[in-house]
Amino acid sequence: MNCRILAAFVFLLNGCAQSSADVAEFAHEWGQTRRGQRPAVQRKPCLLISSMRLSEISSRIAAANPAVFEGPLEISKFCIGVNGQLSGADARSNPETLTVEFSAQMLERATTDDQLAAVLSHELAHVALQHQGFGEIPPRAGTDALFLEIQAESKIIQSRIVELAKSKAEPEKIFALNAEFSVLLGKMNRRIDEIYGEENAHLNWIEQEADEAGAEFFVRAGFEKNAFVDILWATGKGEGEDRNACSLLVEAARTVGTAERRPLRGNKNHPTTCWRVFHLIVDEWIKAHSGQVN
Ligand SMILES: [Zn+2]
């Protein structure tokens, strides 16, 4: 899923933890599939081309996950459809406007509804988890003094931007603060890279979290698990990745019961396809949630 988050990196914080039956039943490392109270949504007219397939699948996912898709996240409030301008096999989400858009090619690439449900679930997870700005903080960064210091600074700038916008100050002042704000976001991302010892750690973590929560929505709605894996391979960037070699790693972890050899996570904006597949099958479905998914 070559999804990118379109949301302007404007909203910060929104800590975490909305407790619900979902959380208790399916606790991930981060223990949540929906994050805090959502910031005010920018409602815009939905200009996407509607698709019967997408609307049926999204209704099914929402119906199976009522604790998530209710209130401000009621599925009827989403704008889900095809964007004719989007090239390649692509799907993207915008948490700020509750939009999930697909390219026409992605709809063709996902040959079964189960495969399409996997892509859609992943994108819906980005929205439910409010992946914009630093609404989410990777676990180790949440206890890192330097990260928290930069974050505190960025929150001050953020509130000044809001004040200036409210008082209709000259746009130049707001632009200047926005620029300062982006510098701080860059610093936060670099600090996360240092803490985790990998490049693009924050983006990778967001994608991991969307896979975890998305797969949870997907499994609960009764879709076929293999389809999730198939569409990851069918759309993954995976240059030089060998599905057979990856399957051997998964099988080894399955038989021994421990994951001694793990695939490389990579340093792109998504983890490698093998890493994602391994994480889903071994870490999530075999280990963490075997009671729920098997
Ligand atoms: Zn994604």
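Each value in this text was obtained by applying a stated rule to the coordinates, not by laboratory testing. Please read these numbers as outputs of a predicted model, since none were measured by experiment. Cβ placement follows ideal geometry from the backbone for every residue including glycine, while neighbour counts extend to all protein chains displayed.
Just report the Cα centroid separation between the range 147-225 and the range 63-141, whole Å. Distance between centres, Cα-based: 18 Å. The order of ASP230, ASP193, going from fewest to most other C-beta atoms within 10 Å of their C-beta, is ASP193, ASP230.
Given R₀ = 25 Å, FRET efficiency for ALA288-ASN226 by Cβ-Cβ distance, to 0.05?
So the FRET efficiency works out to roughly 0.85.
Computed from label points 7 Å out along Cα-Cβ, the spacing between ARG140 and ARG243 is 3.3 nm. Exposure proxy shown here: for HIS289, HIS202, the number of other Cβ atoms within 10 Å sets the order, fewest to most, as HIS289, HIS202.
Please find the FRET efficiency linking ALA169 to LYS44, where r is the Cβ-Cβ separation and R0 is fixed at 30 Å, and quote it to the nearest 0.05.
My answer for the efficiency is 0.75.
Assuming R0 = 30 Å, can you tell me the calculated FRET efficiency for the pair TRP233 and LEU148, based on Cβ-Cβ distance, to the nearest 0.05? Rounded to the nearest 0.05, the efficiency is 0.20. In terms of its C-alpha gyration tensor, the range 124-177 comes out oblate, because a/c is 1.5 or above while a/b does not outweigh b/c. Length gained on full extension, GLU180 to ARG261, computed as 0.36 nm times the residue gap minus the Cα-Cα distance: 24.9 nm. When a/c reaches 1.5 or more, the comparison of a/b and b/c decides; with that in mind, is the range 177-294 rounded, prolate or oblate per its Cα gyration tensor? Because a/c hits 1.5 or more and a/b exceeds b/c, the range 177-294 counts as prolate. Listed peptides 181-191, 166-176, 77-87, 45-55 appear in the order 181-191, 77-87, 45-55, 166-176 once ranked by packing, highest mean of other Cβ atoms within 10 Å at the front. Take the Cα of GLU194, step 7 Å toward its Cβ, do the same at LYS268, and the gap between the two points is 2.8 nm. Taking amide hydrogens as placed 1.01 Å from N in the peptide plane, the amide H of CYS79 sits under 5 Å from those of THR99, VAL100, each at least 5 positions away in sequence or on another chain.
Measuring from label point to label point, each 7 Å out along Cα→Cβ, what is the LYS77 to ARG254 span in nm? Each label point is offset 7 Å from its Cα along the Cβ direction, giving 4.0 nm.
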